[in-house]
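Report on the structure given below.
The values are calculated or read from the model by the stated rules, or taken from the named source; none is laboratory data. Not measured: the values here are computed from a predicted model. No Cβ is skipped: glycine too gets one built from the backbone with ideal geometry, and neighbour counts run over all protein chains shown. For accessibility, only protein heavy atoms count, side chains too; no ligands or nucleic acids. Shrake-Rupley method; radii C 1.70, N 1.55, O 1.52, S 1.80 Å.
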Amino acid sequence: MFSSDKTKSDDIGCTEEEVATRKNLVGAAMTGLLAILTMVFSLRLAVPGSIYTAPGLLPFIVGFTLFLMALMLGVQAIRAGGLTKPGAFFVGSSITNWSEEGRRRLMLAALIVTYVLLVAFVNFNWRIPGAPFGFEIGSYEVISVIMVTWILYLFWKAPIMRCFTITVAVVEFLAIIFRYGFGILMPETF
Amino acid sequence: MDSASSCRKLSELKMEVLLQVQEQLLVILQNPWLLVTCLFGVTLGIIWGAMPGLSTTMAMTLLIGLTVGMSQSAAIMFMLGVYTGCVFGGAISAVLINIPGTPDAVPTMIEGYALARRGEGGLALGTAISASFLGNWVGILLLIAMIPAVLFLALQFRSWEMFLLSLWGIAICGSMSSLEMPIKGWISGWIGLLISFVGLDAIHGVSRFTLGSFYLSDGIGFIPVLIGLFGISEILRVLPQKNPPKIPSNVGRVLPSLQMLKKYMGSSFRSGIIGTIIGAIPGAGANVASFFAYDIGRRRASKEEKKKWGKGSYEAIVCAEVANNANVGGSMLPTLALGIPGNAAAAAILAALQLKNVVVGPLIQVENPGLIYFIYIGLIIANFFMYGMALALIKPCVRLFSLPKTLLMPLILPVCILGAFAVSLNFFDVYVMLISGLIGYALHQFGFPLAPLVLAVILGPLVDENLRRALLVFENVGMINILWDRKLGSILLLIVIYTFYDGIFRRKKSEELIHD
């Protein structure tokens, strides 16, 4: 899973292996927390019939075994030196790594979230007068063209007109296939 | 009845089967329209399957609508074409862009993408095509030859066995996708199980983990989760990189050599048998088949081949692809003979047949004589078309997917949104996809594999319902009696325990041996 080479991966002198071990420790802690929450919520579920058909039975078993697995992962990580240099697990992870790549990733995530929210909340439909098959353009196409062109321009770094042309072609092809080929309603219909 | 009359009856039965097969073959060959609809279905299926996250089930469900205006025979040929094409199509995007078209293509993705990055994408796909072709043949022939035996074995699977089989599928997937630390694979699978519990419980209708949300009462669909985990998280991971990995546009050799095919013949037949039997078990789909065959293949591989497993092994691709394609033929058996679909895609075939007033079940041969044979001949023809179309589409697909990732990845975004939305025409699924993508990215950063999570979301309801049904059946039965009376279940239980034991204790030793 992780490279075992001893190259220094950060400026406080952690190897990639050490960073991976610390990540395992954090992963174990988070998994353990999830397992405990699952067990608590499972116990609070109603038991309408026999205990054998209780809705919380398997979730509780899964929560309990997940807790054991988290414990095993945590013990392995501690044995591998996960508790030395506390705080080092933040290093090397691009979640908290404010390098250029980290910033670009955060910006991309924000753009994708914005794209999804715009498709969810902006709804309109334009019928093109005189077009065959009652051809129409919906908010999904317009928003997709704007957002994907923007993402392409930022990451592909081609001239904006080229990004725009490619996006229009792909989005329209997709929308036509789904709308007229498969007869699927588009998001703006709802 | 004496042995002479039994032999005579058997040979009469064989003659009848041969005559039926011949008759149905002539019906199809004399009607070019049937061949055209099948070819159209195969092409659509391959293209659909190649699109990231668009599953076989989704294709089958959505394309049923197109069969409304077709005759019964044409509709069946079309749906069989889509089914066959889709199962293979999933391998294309898995190998070329590391996003499986369908969940059963995940093992192919693990191996094929590693090969594609080394410039062997063409041969990886060629191997997948040949394996798919072979898998379909194995599935169909085994089924025609062994219908009674397979049916008998499939009927032995009751709640307890189904629970153990599904649990084993998740455990195997966890072990295989996280070779150095199987525990991380299992944790990922267990998280998937927790996700599958969200919604109304199937036995009592009690709301579980819905946090009072109306939308969560319906549960979390596996397709939005699949698209999010493999689509959105891959975009988030790859696009911001300064030098994202690129697939070489030079396809290179596509068709595997005869020597190579001969080398993997044993693995092919073993995986074909696994795929057919698992396909014949109601509820266990191509996902379980491909992971199971993949794991057995690794255990049986030579020491030299074992080193390549997980880093680009052709034998691994053969195992997974043969199994998931043999599953197509296998899944048709309980669908047609019992009226119980072998998997979700087979359920769509069932729906298409019902749309054409065909009632499947034990009386199918009485009420619709020859239909079973028509379907098997249809599968054989669809298989030939799949082979031809897949070969024709490889080069354009490699060229398409070898475009810079910075161009390709943003263009996948609208497909992901539309794919997630189209499942149930509910925008909530798009939010599920988005959240799954963000969680998938975080899990990947912490070194947790994503494949077991998806498989567990799919198999979770099966695990839950079957365990509770089995416990209810066993309520007043002693442990020894259960173990003794349910021999198949006991064997499966031992296999499950061995899988965990192997992952925790033995894996480390064998890895050390391999490194030595």
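When segment A:30-54 is filtered for residues that are over 25 Å from B:PHE446 (Cα atoms), in a helix (DSSP H, G or I) and facing chain B (nearest Cβ under 9 Å), the ones remaining, listed by number, are A:PHE41, A:SER42, A:ILE51, A:TYR52, A:THR53. Here the helices (runs of 4 or more DSSP H) wholly within segment B:383-485 that include at least 3 residues being modelled with pLDDT under 85 are B:405-424, B:451-473, B:479-485.
Residue-by-condition table, conditions (1) open to solvent by less than 10 Å² (accessible area, probe 1.4 Å); (2) in contact with a Lys or Arg (Cβ under 9 Å, 6 or more places away or on another chain); (3) more than 8 Å from chain A (Cβ to nearest Cβ); (4) on the phi > 0 side of the Ramachandran plot:
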position	(1), (2), (3), (4)
B:VAL398	yes, no, yes, no
B:PRO404	no, yes, no, no
B:LEU411	no, no, no, no
B:GLY419	yes, no, yes, no
B:LEU425	no, no, no, yes
B:LEU438	no, no, no, no
B:LEU443	no, no, yes, no
B:LEU455	yes, no, yes, no
B:LEU459	yes, no, yes, no
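Within segment A:101-130, being more than 10 Å from every other protein chain (Cβ to nearest Cβ) and closer than 24 Å to B:VAL432 by Cβ holds for A:ALA110, A:THR114, A:LEU118, A:VAL122, A:ASN123. The residue pairs whose first member lies in segment A:159-171 and is closer than 12 Å to A:SER144 by Cβ, whose second member is in a helix (DSSP H, G or I) and acidic (Asp, Glu), and whose beta carbons are closer than 7 Å, counting only pairs six or more residues apart or on different chains, are A:VAL171/A:GLU141. The residues of segment A:55-64 that are more than 7 Å from chain B (Cβ to nearest Cβ) and closer than 24 Å to B:LEU443 by Cα, listed by number, are A:PHE60, A:ILE61, A:GLY63, A:PHE64. Residues that are under 14 Å from B:LYS405 (Cα atoms) and at pLDDT 80 or above within segment B:234-279 comprise B:GLU234, B:ILE235, B:LEU236, B:ARG237, B:VAL238, B:LEU239, B:PRO240, B:GLN241, listed in sequence order. Take A:PHE133 and tell me if it is part of a helix (DSSP H, G or I), more than 12 Å from chain B (Cβ to nearest Cβ) and at pLDDT 85 or above. Answer is no for this residue. In segment B:174-215, which residue that is within 18 Å of A:LEU58 (Cβ to Cβ) and either hydroxyl-bearing (Ser, Thr, Tyr) or away from chain A (no Cβ under 12 Å) (or both) is most open to solvent (accessible area, probe 1.4 Å)? Going through the qualifying residues, I end up with B:SER207.
Taking every residue in segment A:16-37 that is open to solvent by less than 20 Å² (accessible area, probe 1.4 Å) and pairing it with any residue that is of a type in the set (S, T, N, Q), at least 6 positions away or on another chain, the pairs with Cβ-Cβ distances below 6 Å are A:VAL19/A:SER9. Counting only residues that are in a loop (DSSP other than H, G, I, E, B) and in contact with a Lys or Arg (Cβ under 8 Å, 6 or more places away or on another chain), segment B:181-200 holds 1 of them.
In the set (1) of a type outside the set (Phe, Trp, Tyr); (2) in a helix (DSSP H, G or I); (3) modelled with pLDDT under 85, the condition left unmet by B:ALA323 is number (3). Count of segment B:130-164 residues, restricted to those that are open to solvent by 10 Å² or more (accessible area, probe 1.4 Å) and either within 14 Å of another protein chain (Cβ to nearest Cβ) or at pLDDT 80 or above (or both), is 11.
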